[in-house]
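J.: Sending over a structure as structure tokens; questions will come in a sec.
The values are calculated or read from the model by the stated rules, or taken from the named source; none is laboratory data. Predicted model only: the values in this text are computed from it and were never measured. Because the Cβ atoms are built from the backbone with ideal geometry, glycine has one as well, and the counts that use them run over all protein chains shown. Note: accessible area is taken over every heavy atom of the protein model, side chains too, but ligands, DNA and RNA are not part of it. Shrake-Rupley method; radii C 1.70, N 1.55, O 1.52, S 1.80 Å.
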Amino acid sequence: MRTRIGFATATIFEALARGNGFGLDIMRETGLPSGTVYPTLSRAEASGLVRGKWEARRQADLEARPRRRYYELTAAGHTALAEALTRFRELAGGHRARSRS
Amino acid sequence: MNADRLLRLLSRIVPAERRADWLERWRGELWALAASERAPATPARFALGAIPDAWHECAAGWRDAAALDGISGDLRRAWRAVWRAPGASLLTVLIVGVGAAALTNVIALVDATLLRTPPAIARADELFQIGRGPASELDNLSYPNVRDLADALRPVASVAAYADRSAVVGAGANAIVVAAQVVTPEFFDVVGVPVHNGPGKLSDGEPGVVLSHRFWIERRQEIDAAGRWIAVDGQPTPVVGVAAEGFVGVQASSVEPAMWLSVGTALRAEPLRRSERGWSWLWTIGRRHPGVTIEAVSAAAASAHSELVTRSALHEGTLGSALVVVDGVGLRPADRTEAARLSRLFVAAAVLVLVVALANVVGLQLTRAIAAAPATAMMRALGASRARLVRGRVFELLILTVAGSLVAWTVAWSMTSFVRATLPYPIAVSLRPEWRAFLVAAAMATAIAGALAIVPLARASRLGSIASLAGGLAIAGRSRITLALVTLQLGVSGTLLGVGGLLARSIWAAGAVDPGFETRGVLVVTLRPSMGGRSAAAVRADLIQRAGAIAGVDAVGLASRVPYVGGAETRTVTLPGTTGENPEDRVRLTTFAVDAGFFDVLRVPFVSGGVPVSADAMPAAAVFTRIAADRLWPDATRPRHLDTPSGRVQASGVTADMQLRSLRGPATPAMFMPIEATGEKPRYLIVRTARRDDVAGELRLALSALNGDVIVTRVEPYPQLIAASLPDTQVAARLALSFSAVAVMLSMAGLYAVVSRRVMERRREFGVRLALGATPASVVGVVMREVLLVAILACVLGGAMFAAASAAMRQLLFGVSPFDLQTLAATGAGIVIIALAAASGPARRAGRSDPAAALRPPG
């Protein structure tokens, strides 16, 4: 079943697609607050659109810090992102046509 | 609060299995934020974003299939637990049902009397009441004054008036007495109630009646068959219409009328009421014209009062010092104050009963939770959390309170008649609880039960330890406190029982009191004079002849008024030889118009003289009570005559002192005048008979032939009527006995729970006793002796409270001492029996303790 995603989710997915795997990086890239980014990542992970992985414990232990969770888009996530971008372009195109007329 | 502390706090709502990962994820990001040079947010602002994420995790946990299975599984287990203990469950349901029902009825009463306006009235907020002041004791007006007031207020309001009365409908043996109201022609227009099935217009001068919808449905066929005429007070009267369904008048505190009579109908037998300006009998209401405020009506009323008083001196004495306007209808101001006071008492009592009831229910549940400690320990060992165990117990309690609320609905409906009978004033509106009242009571019962249950059930869930698995039990440690509370409950129950018993004995004593004349074996027949053409003398003779002809009737008497029945009429006379200007020279006499048979029936003892020989004697003669005679003629050597506005009255006889107005008061100064000399038709016929069968029916039949002149409305034993002269005592007795019944039930439940817990706590002790050779009966005796001690303590405590309560309500008692030993002893015995009965079940269980299981070592 295809999953339709909203604009904020699409923005986050776009950031993931550009290689920003950590939530903090996504926040910097998109300007969205933590209360939007992290719940969206959790929901997307539960829906199978995003895959989360813990970084290696050894690295975190060496740096004496908690582990971080790294995210990446799954194939379904890529599909959902592409569909969302197409939808948004069509919406923007229709708006421009109406504005010129 | 720093960011990490916020994260730790929020992690508590994340399901346990995800909590560690969730916290680490956020802490990892927080660390990275703190270490980065271009932080997109402050740590605190960043951590705030964890709130929706934690909530999402919590909601996801609840949506988890495993959690749903847990809830449905807990519900199924709770349902099975309820069925496995039918006795305790039924008791809980009944307790909750009665408690919630009491609260439902009280809410319905408050709603019907104080919050809602009587039904079927259009735009009730435009209505007002008007009468002689002060506002707190709004008083009625005379018919001429109502007409003048209606004319004076016409620019601002429409005015109408009504008065309560009874009417005799039908003829002969089929005659019945119904509640009715006399109304002015504008009444139905003012209240905005449509009148169907007829011209709908009553006239002051012509007879006519508007029927209530309920009465019309019951009597439609016979009224239609009679050409829409109905016999009212023995006279055919046209039916001009039927009031809209549900209309019961404008006053909640009256009996629901069956019909509304025109002034012309009602005053056929009492024409003086139409013209007597000083005879105030009509309650007056009005409807403001659109756009007119209540303040404008008040100002207009004040202006009308001044104008009317100035116009005629006659108005001054009959309109009072001011005319007062009170917004709204439903209850008169005095009744509203009384209703509000009673409502507060009822609500407080009902809430107290409900809280105590639910506390008992929680105690029962706690006992069951402790009994289920081994099962609880097993569930803990298998991984169930404490929250889940508490949830299961709460589900049990909720099932029982919901079931109890359903029982409450049934009980509340059936208690409506009892509530109506308990009130010291009649109520016309329906007191049946609506669904809103029931929902409020059920919600309160469920909420209170839940709130009371959380802490003790959570504590009980701690008992699921390894020791519990092995059969040992952690001592709850609070059994003495709960035992003390149960002792208090038993004591309160005893107090209420004792108080109710004293009041009941007072009512019985009132019926057996000797007021100075004989009431046993006397029947009082209430008559309503109708518009027959025969003379009063002929009617009196006929009454005496017909009543006297009935087998077993030993004596017959007639009276305009009978002591303790139908109110009292008084006349102030001046002491002979004085001008009466000094208040001490005036004597207020209670007057009765009676025939010679009156004294025979009541066996009134005469001190001197007797009844007048002839009613036509000149000067007129009357009988006086001794206290009146001593006051009027202290010098026994002087002639005994009295000058009144209607002429000189000679004392033909003096009776012994009698209590003619109040059983508690002193002897009544009274004067008995010959009814023959007054020209009145009698309102009461009294007969003395030794028969115990239905003489009343024969009397009605024999007197039915006189329906053209007088109509029989009631036939009642005189002692019963005298007992009814103590309405406060009757109301208090009903309340005390009904609350005591509830208190006893609660006490039994509480004692059952506490004794059950004590038995569980001492299971090992009982096992040791049995192992050492004690008989089951002796173990039962151990438990019962402890309960007996509790009962004795309750009797002592209850006795002290009873003494205080009975001394405080001394004025309600009659013929019995506040410290009556018989009542005290009976109440004490009752408390002991109740306590032993409540404890018998747990005591028998103690006797059946298994020594082997009790002696098994823990661990």
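J.: Let me have the 222 nm mean residue ellipticity of chain A computed from DSSP H runs of 4+ only, each contributing -39500 (n - 2.57), with the sum over all residues rounded to the nearest 500.
T.: Calculated mean residue ellipticity at 222 nm is -20500 deg cm²/dmol.
J.: Ok, one more. Charges on Cβ only, +1 for Lys and Arg, -1 for Asp and Glu, centred on the Cα centroid of the stretch B:1-139; of B:LEU9, B:ALA122, B:ALA85, which one is farthest towards the dipole's positive end?
T.: B:ALA85
J.: Further, regarding this structure: Normalised by the residues of the stretch B:127-203, what does the relative contact order come to in percent, with Cα pairs under 8 Å and at least six apart?
T.: On the way: 73 pairs, mean separation 15.9, N = 77.
With pairs under 8 Å counted, the relative contact order is 21 percent.
J.: Across peptide B:46-55, what mean number of C-beta atoms from other chains lies inside 10 Å of a residue's C-beta?
T.: That works out to 5 on average.
J.: Further question: Residues of the stretch B:76-222: accessible area per residue at 1.4 Å, in Å²?
T.: Per residue, the stretch B:76-222 has 41 Å² of solvent-accessible surface.
J.: Then there is this: What FRET efficiency, computed as 1/(1 + (r/R0)^6) with R0 = 51 Å and r the Cβ-Cβ distance, is obtained for B:MET378 and A:ARG18, rounded to the nearest 0.05? Could you put the intermediate results ahead of the total?
T.: On the way: r = 55 Å, r/R0 = 1.08.
With R0 = 51 Å, the Cβ-Cβ based efficiency is 0.40.
J.: What is the percent carbon and sulfur in the accessible area of the stretch B:1-134, measuring with a 1.4 Å probe over the protein chains and ignoring ligands?
T.: The C+S portion of the solvent-accessible surface of the stretch B:1-134 is 61 percent.
J.: In peptide B:13-22, what is the residue-averaged number of other protein chain Cβ atoms found within 10 Å of each Cβ?
T.: Mean partner-chain Cβ count within 10 Å for B:13-22: 1.
J.: Can you sort A:TYR70, B:TYR564 by solvent-accessible area, 1.4 Å probe, largest first?
T.: Descending order: A:TYR70, B:TYR564.
J.: ³J(HN,Hα) across the stretch B:122-129 via Karplus (A = 6.51, B = -1.76, C = 1.60, θ = phi - 60°), whole Hz, x for Gly/Pro?
T.: Working through the residues one at a time gives 7, 6, 4, 5, 8, 8, 8, 10 Hz.
J.: Suppose each label sits 7 Å from its Cα in the direction of the beta carbon; what would the A:HIS78-B:ARG116 distance come out to in nanometres?
T.: If labels sit at A:HIS78 and B:ARG116, their model points lie 7.0 nm apart.
J.: Nearest 100 Å² is fine: how much accessible area is buried between A and B, summed over both sides, with a 1.4 Å probe?
T.: Counting both chains, the buried surface is close to 1800 Å².
J.: Just to check, using Stokes-Einstein with a Kirkwood Rh over alpha carbon pairs, what's the diffusion coefficient of the stretch A:25-76 at 25 °C and 0.890 mPa s in µm²/s?
T.: Values: Rh = 12.2 Å.
Reported coefficient: 201 µm²/s.
J.: Measuring with a 1.4 Å probe in the full set of protein chains, what accessible area per residue, in whole Å², belongs to the stretch A:1-86?
T.: 50
J.: What is the magnitude of the charge dipole of the stretch B:82-148 about its Cα centre, with +1 placed on the Cβ of each Lys and Arg, -1 on the Cβ of each Asp and Glu, and no other charges, expressed in debye to the nearest 20?
T.: 340
J.: Can you give the mean number of other chain Cβ atoms that lie within 10 Å of the Cβ atoms in peptide A:13-23?
T.: Whole-number average of other-chain Cβ neighbours for A:13-23 is 1.
J.: Right, another one. If I model a spin label as a point 7 Å beyond the Cα along the Cα-Cβ vector, how far apart are those points for B:GLU295 and A:ALA46 in nm?
T.: Modelled inter-label distance: 6.1 nm.
J.: Okay, moving on. Using a Förster distance of 41 angstrom, determine the FRET efficiency expected from the C-beta separation of B:LEU772 and B:ARG84, and round it to 0.05.
T.: After rounding to 0.05, the efficiency reads 0.80.
J.: Which of the listed residues, A:GLN59, A:PHE22, A:ALA8, is farthest toward the dipole's positive end in the stretch A:1-63, when Lys, Arg count +1 and Asp, Glu count -1 at the beta-carbon?
T.: Working it through, the farthest residue towards the positive pole turns out to be A:ALA8.
J.: While we're on this one: At a 1.4 Å probe, which residues in the stretch A:24-42 are at least 10 Å² less accessible with all protein chains present than in their chain isolated?
T.: Hits at the 10 Å² cut-off: A:LEU24, A:MET27, A:ARG28, A:SER34, A:GLY35, A:TYR38, A:PRO39, A:SER42.
J.: What does the accessible area of B:PHE188 come to, in Å² to the nearest 10, when a probe of 1.4 Å is used?
T.: 10
J.: Now for a different question. To the nearest 0.05, what FRET efficiency results for A:GLU55 and B:ILE71 with a Förster distance of 41 Å applied to their C-beta separation?
T.: With a Förster radius of 41 Å, E is 0.65.
J.: Work out from phi, with θ = phi - 60° and the Karplus expression 6.51 cos²θ - 1.76 cosθ + 1.60, the ³J(HN,Hα) of each residue of the stretch B:225-238, listed in order in whole Hz, and give x for Gly and Pro.
T.: 4, 8, x, 6, 10, 9, 7, 10, 6, x, 10, x, 9, x
J.: Run the 1.4 Å probe and let me know the accessible area of A:THR86, rounded to the nearest 10 Å².
T.: 70
J.: Under a crude label model (7 Å from the Cα following the beta-carbon direction), how far is B:ARG588 from B:ALA60 in nanometres?
T.: Here the modelled spin labels are 8.6 nm apart.
J.: With a ≥ b ≥ c taken as the square roots of the eigenvalues of the C-alpha gyration tensor of the stretch B:1-123, please select rounded if a/c is under 1.5 and otherwise prolate if a/b is larger than b/c or oblate if it is not?
T.: oblate
J.: Then there's this: Once the piece of chain linking B:ASP327 and B:ASP600 is laid out straight, how much longer is it, given 0.36 nm per residue of separation minus the C-alpha distance between them?
T.: This chain segment gains 93.0 nm when fully extended.
J.: Another question, then. Working out 0.36 nm times the residue gap between B:ALA541 and B:HIS641, then minus their Cα-Cα distance, what length gain in nm do you get to one decimal?
T.: 33.1 nm
J.: While we're here: Taking a virtual spin label 7 Å from the Cα of B:ALA44 along the C-beta vector, which residues in the stretch A:7-40 bring their backbone nitrogen under 18 Å of it?
T.: Only A:34-35 fall inside the zone, counting backbone N under 18 Å.
J.: What length, rounded to one decimal in nm, is gained on full extension from B:GLU518 through to B:VAL347, with 0.36 nm per residue of separation minus their alpha-carbon distance?
T.: Taking 0.36 nm per residue and subtracting the Cα distance, the gain is 57.2 nm.
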